[in-house]
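Heads up: the structure comes next, in structure tokens.
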């Protein structure tokens, strides 16, 4: 049997055997229903000198954790200055951990563009740790300049601090972060199953099938159902034709469902290279 306790600070789940004695237990330190204790934990750093707003963003992430359909349990940290931001990131690195999402205001000190500078620093670091970077700011004087510069530094999104239609701005931030996190998870899953397991055994067959007439781009999709079953969902002579043929498939999938795309070289060229 399963007994569940839901608390403000902890969610405890324990199993009992037929004799009634407890056999296994687990505790998740966050505000969430017991049914999602084993969701993936994602750490969020919110950098903003407007602490009340930063706290609302943090609360929006924690509230999302309580939704049954959310695959993540969020932990949030607030930094109200560039120095605090650097301190929190270094503290996490010292523990062998990292932030999965960093929400940055452009100006956290008067007369500076510390959010852009932080995005640049995270971009230059260039390690395997690549957090989802979201610029969350008021409408600055140089809106377009800052937006373009943020994109150059590999920011995932640029969100203005105002409500978007019926959605509070804080919800827009969370939606954006969740979408990107899910894209990265799907990408990792596709790579592990297709690139590591399926593709080495099937590449020659794909080359014979799609390597004619100048080669092709092929979109593959793996659905995790306990077996590594891969579907060839579309192909095209180039990216334009492939994307056109993918539209119907994309219409039946979520925006974070990104297929795994490989290039099949032309058979004649491949033979010459060999």
### Query
So if R0 is 30 Å, what FRET efficiency would residue 250 and residue 192 give, r being the distance between their Cβ atoms, rounded to the nearest 0.05?
0.85
### Summary
Checking rank on 85-93, 73-81, 247-255, with mean other Cβ inside 10 Å and highest first, the result is 73-81, 85-93, 247-255
### Query
Order of 184, 220 from fewest to most other C-beta atoms within 10 Å?
184, 220
### Query
Counting other C-beta atoms within 10 Å, which of 163, 49 has the fewest, and how do the rest follow?
163, 49
### Query
Can you put 238, 157 in order, fewest other beta carbons within 10 Å first?
238, 157
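Values quoted throughout were computed directly from the atomic coordinates according to the rules given, and no laboratory measurement underlies them. Keep in mind the model is a prediction, meaning the values are calculated, not measured. Note that each Cβ is placed from the backbone with ideal geometry, even for glycine, and that neighbours are counted across all protein chains shown.
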